[in-house]
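Data block below; observations after.
Laboratory data are not the source of any read-out in this text; all were calculated from the coordinates shown. Bear in mind the structure is a predicted one, so any value in this text is a computation, not a measurement. Cβ: placed from backbone, ideal geometry, glycine included. Neighbour counts: every protein chain shown.
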Amino acid sequence: MLLAASFVSAGETCSSGIAGDAARRGCAEWCKAEKAPNHCRFCKCAGCAFCSGVATTVGGDGASAGKRKAQGAFRHSALPWPHRRSSRATSASCSARVGTVPFVMWMPGRTGSTWVQEALNSHPEVTMLGEVFNNGTSHDGFTQAMCRFYGAPAGRRVRRARGFKQKFFQCNADLKEKLCEYERQPWAQRALESCLRPASTPPPPGMAPDAGWNVTTRSFSVFTAVGARVICSLRRSSLDRALSKAVQVSFFKKCGVSNAVTAAERACLERMKAEGVRVSVEYVLDVMRQAEMAAAYNAAICEAQARVSPVFYLWYEDLLAQPDRVFEELQRFIGVEPRPLRSTAQRIVSKGAASWISNLDEVRAAATALRGGKAALEDGRCKKS
C-alpha cells in the first residue's frame with residue numbers, strides 16, 4: 001500500500017461559511033499537516049492530502065466550541081509556570097530573572113528543532129519549550145506570559161537556562177510580500193527591519209497562522225528586553241527540507257503527529273515506511289521554491305541580529321554530521337556546562353529513503369531540472385519591478 005502525500009479532491013466546490021474563504025477545495029501554501037484540525041476547516045486547505053479523513057466539520061461555523069477554544073495556539077494552562085491573568089507586565093517592564101540565561105530558537109519547519117529541544121531538555125539546567133509562543137490574539141496576554149516565563153524563579157518547572165522554539169521567520173504573517181521585496185533588493189542590513197514590519201493584512205477570521213498577526217514584532221520586543229540569546233536553526237538543502245515536509249504529510253495522515261518522538265510514534269513511522277510512501281512531486285517543488293527564497297532572507301535576518309546580540313547558527317547539516325560537537329558548542333552558548341545529551345526524536349527521512357519512497361528518483365530528477373534554468377527557483381508570484 002502506498003500513502004500519497006498529494007492533493008486530494010482539489011477543485012471540487014466547497015462552502016465553509018468562513019468569510020474570505022475559497023469556493024473550491026484547494027491546498028494553499030500556508031496549510032499545514034500539524035494544524036489539520038484548524039486548517040482543514042478552510043476550503044483553501046480541504047484539498048490537501050492530510051485533510052482526508054480529518055474529523056472536522058466543513059460548513060456552518062466549522063468548529064465545535066471545544067475546537068474553537070483550541071484554535072488559539074497560546075493556552076495559559078499549557079505553560080509550566082504559575083500565571084496570573086491580572087498581571088499588567090509589558091515588554092518594556094520585562095526582565096530576565098537574575099542568574100538565569102534566556103534564549104530563543106528562531107526556526108522554520110523541518111530543521112531538526114524537535115531533536116534539539118528533546119536533547120536540551122535532558123540537561124538538568126535547561127528548560128526548552130516547544131512552539132507555545134507562535135501565535136497570540138491578545139497583545140497584553142501574549143507578552144505577559146512570555147515575560148513571566150523568562151522571569152520565573154529557577155526551579156523544577158523552569159530551570160536556569162530557559163527558552164523555546166518559535167517560527168520567528170514567518171515575520172508577522174506578511175511573508176510572501178517581504179520575500180519578494182528582499183529578492184528584488186537583497187540588503188542584509190534591512191532584512192530584520194523588514195521582518196519586524198507589522199503585517200498589513202489580518203489573517204482570515206478564525207485563522208491563527210504560525211507567528212501570525214504581528215506576533216514576531218511583539219516577541220522581538222520581549223527578546224530585546226530580557227537580552228535573550230538567539231539560536232538560528234537553518235537548513236542548507238532546499239530539496240531535503242521539501243522532501244521532509246512532503247513525507248511529514250503522509251506521516252501525519254497515518255500517525256496523527258508531525259514528529260517521531262515516543263516509542264509509539266517511532267513504531268508508526270516504521271510501519272509507514274514498510275508500507276511505502278509516494279510523495280507529490282508538485283508539492284516538493286513548490287516547497288523548494290519557497291525554501292530557496294526564504295533561506296537567504298532568514299540568514300540575513302540572523303546576520304542583522306548578530307550585529308547587536310549573540311547568535312548561534314545551528315545548521316541542520318552540521319548537526320547531522322557532528323552532533324556531539326554542535327551540542328557541546330550549543331550548551332556553552334546558552335551558558336550551561338556541556339554534557340552528553342539524550343533525545344528520542346527520530347528523523348522522518350533518513351538514509352535508505354529510496355527503499356520506501358517509491359518515486360524518489362522522479363523527485364530528484366524534477367528537483368535537478370528546477371535548478372537548471374536561470375529563473376528556475378524564482379517564485380512566479382513575485383512581480384518584478
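The packing ranking of peptides 345-358, 229-242, 250-263, highest mean first, is 229-242, 250-263, 345-358, where packing means the average number of other beta carbon atoms within 10 angstrom of each residue.
Amide H to amide H under 5 Å from Arg229: which residues, 5+ apart in sequence or cross-chain, H placed 1.01 Å off N in plane? Amide H to amide H, under 5 Å and 5 or more residues apart or across chains, Arg229 pairs with Phe103, Val104.
Relative protection proxy for 100-109, 275-284, from highest mean packing down: 100-109, 275-284 (other beta-carbon atoms within 10 angstrom). Among the GluC sites (Glu not before Pro) in segment 285-357, none is located in a DSSP loop while being surrounded by at most 16 other Cβ atoms within 10 Å of its own Cβ.
Remark on segment 223-348: ratio of C-alpha radius of gyration to 2.2 N^0.38 Å is 1.25.
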